[in-house]
1. Could you check segment 278-294 and list, in sequence order, the residues that are among the hydroxyl-bearing types (Ser, Thr, Tyr) and surrounded by fewer than 20 Cβ atoms within 10 Å (Cβ to Cβ)?
2. Determine the pairs where a residue that is assigned by TED's automatic domain parsing to the domain that holds LEU392, located within segment 100-111, has a partner that is part of a loop (DSSP other than H, G, I, E, B) with Cβ atoms under 7 Å apart, the partner being 6 or more residues away or on another chain.
3. Which condition breaks for ASN253 when tested against (1) closer than 30 Å to ASP296 by Cβ; (2) modelled with pLDDT under 85?
4. If you take the residues in segment 366-399 that are within 16 Å of the chain's Cα centre (by Cα) and not β-branched (Val, Ile, Thr), which one is modelled with the lowest pLDDT?
5. Name the residue that is surrounded by the most Cβ atoms within 10 Å (Cβ to Cβ), counting only residues in segment 295-323 that are free of Cβ contacts under 8 Å to residues at least 60 places away in the same chain and over 23 Å from THR283 (Cβ atoms).
6. Let me confirm something: among ILE166, ILE126, ILE180, which residue is under 19 Å from PHE399 (Cα atoms) and modelled with pLDDT under 75?
7. Kindly establish whether GLU259 is loosely packed, with under 10 Cβ neighbours inside 10 Å and at pLDDT 80 or above.
8. Can you tell which of GLN269, GLN233 is over 17 Å from LYS360 (Cβ atoms) and not in a loop (DSSP other than H, G, I, E, B)?
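The values are calculated or read from the model by the stated rules, or taken from the named source; none is laboratory data. If you're wondering where the values come from, they're calculated on a predicted model, not measured in any experiment. Counting neighbours? That spans all protein chains shown, and the Cβs are built from the backbone with ideal geometry, glycine included.
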Amino acid sequence: MPTPLMERLVDEQNRIFTRMQEIQSRAENENRDWTAEERQNWDEANDRITVVSEDIVRTERLASLERIDYRQVIQPQEPDTRETPENADEARAALFEESFTRFIRGGMDNVSAEGRQLMAQNQADIRAQGVGTPSAGGYLVPPGYRAVMTGAMLAYGGLINHANVITTSTGNPLQWPTNIDTANVGAILAENVQISEQDVTIGTKSIGAYTYTSKLVRVSLQLLQDSAFNIDQWLPRKLGQRIGRAVAAHLINGTGTGEPTGILAGVTQGATATIAAFAAATTGYDAMINLEHSIDPAYRQLGNTRFIFADSTLAVIRKMKDTQNRPLWLPVPTPGMPATVNGIPYTIDQAMPAGTGTGKVVLFGDFNAGYVVRQVLDVQAVRLAERYADFLQVGFFGFMRLDATPDDALAVKSLVLT
């Protein structure tokens, strides 16, 4: 449900947008240049709508990171004591969550025997302090930690929210077949004529797994022992933010050598324009339309297409108009509905090149079909108890294994500025 703050921000954004349109329409209807006062009023409105739009994004991002702590919810009904697979799974998940929190705050000595056994079944083969030291192991994080950590990661990269993300149990190279057969068509067969042959060309792609780490975060023992300190939210958010920044940059610009292959490395050109033409209201509109129609309708009609660009590019697009002088960019019409460019949703990814320079500044297409991200197992966390004992601190770091590569080359195209 939209919050009062979100409703107020959306209402203000729409009012400012209407005001900007009125200023423009007044000058156009009177067939004259803008006055100095109109320019000043429009610039002030543009500055304010930028602030409001950014506040809307921040509010939506905060809402996506917030999670309910179900352990604090008091259930009024009598507990179901019947032993069922569902109850067993829920009890197991609750025990893992509790045991992991105890482990983070006080180490493995603070975990029950049953909890230790459960965590050992979700342990990575890592020893930072020598073989056989349980407190040095890495453990898969429970759902509560995972939700916060993943949310923080996704907040830093728009592309991963729309790519085809697959999870595997091992990091062995993963291969899958590829085929582009769009140029081949069937034919009418005449009577008593042999059917002609046309082979299907099959290719392969492979994807591995790189290890990403959050680097080390040190937390004082006083904070860990203080029940008022929300370690369940603070720690996974910090770890997730660090990994998210690294992953987001590689998903866009990765070279494929020692790191994932970024989408820009494999995307083909769908449209082109000069920097000056893209910045102009009507010719910039033409470039965006050309990019949109460079993608085959078979992809567009599925309803999964969108634009991806940097925030600086959005600032340029917001000034574009169609042939009827209607803005290409439309603000949030109502809470819960996204802003659009020519009626199509878009995603901001700050790893994309700025729309004021040369390069592939706008991507458009079906990113689920055009880009695949492979994640091994899940996010894991390691606790280092003894290393910083003389500082009365405990070290933590998170890590995950991930790789990515372009997939269907026809599904995503780029707008290139020259």
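1. Keep residues of segment 278-294 that are among the hydroxyl-bearing types (Ser, Thr, Tyr), which gives 282-283, 285, 294.
Listed by number, the residues that qualify are THR282, THR283, SER294.
2. Short answer, once both residue conditions are applied: none.
3. It fails just one condition, (2).
4. The residue in question is GLN375.
5. Among those residues, the one meeting the criterion is ALA298.
6. Working: ILE166 fails: modelled with pLDDT under 75; ILE180 fails: under 19 Å from PHE399 (Cα atoms).
From the options ILE166, ILE126, ILE180, the qualifying one is ILE126.
7. Details: loosely packed, with under 10 Cβ neighbours inside 10 Å: no; at pLDDT 80 or above: yes.
Considered against the rule, which asks whether it is loosely packed, with under 10 Cβ neighbours inside 10 Å and at pLDDT 80 or above, GLU259 comes out as no.
8. Values: GLN269 fails: over 17 Å from LYS360 (Cβ atoms).
Answer to the check: GLN233.
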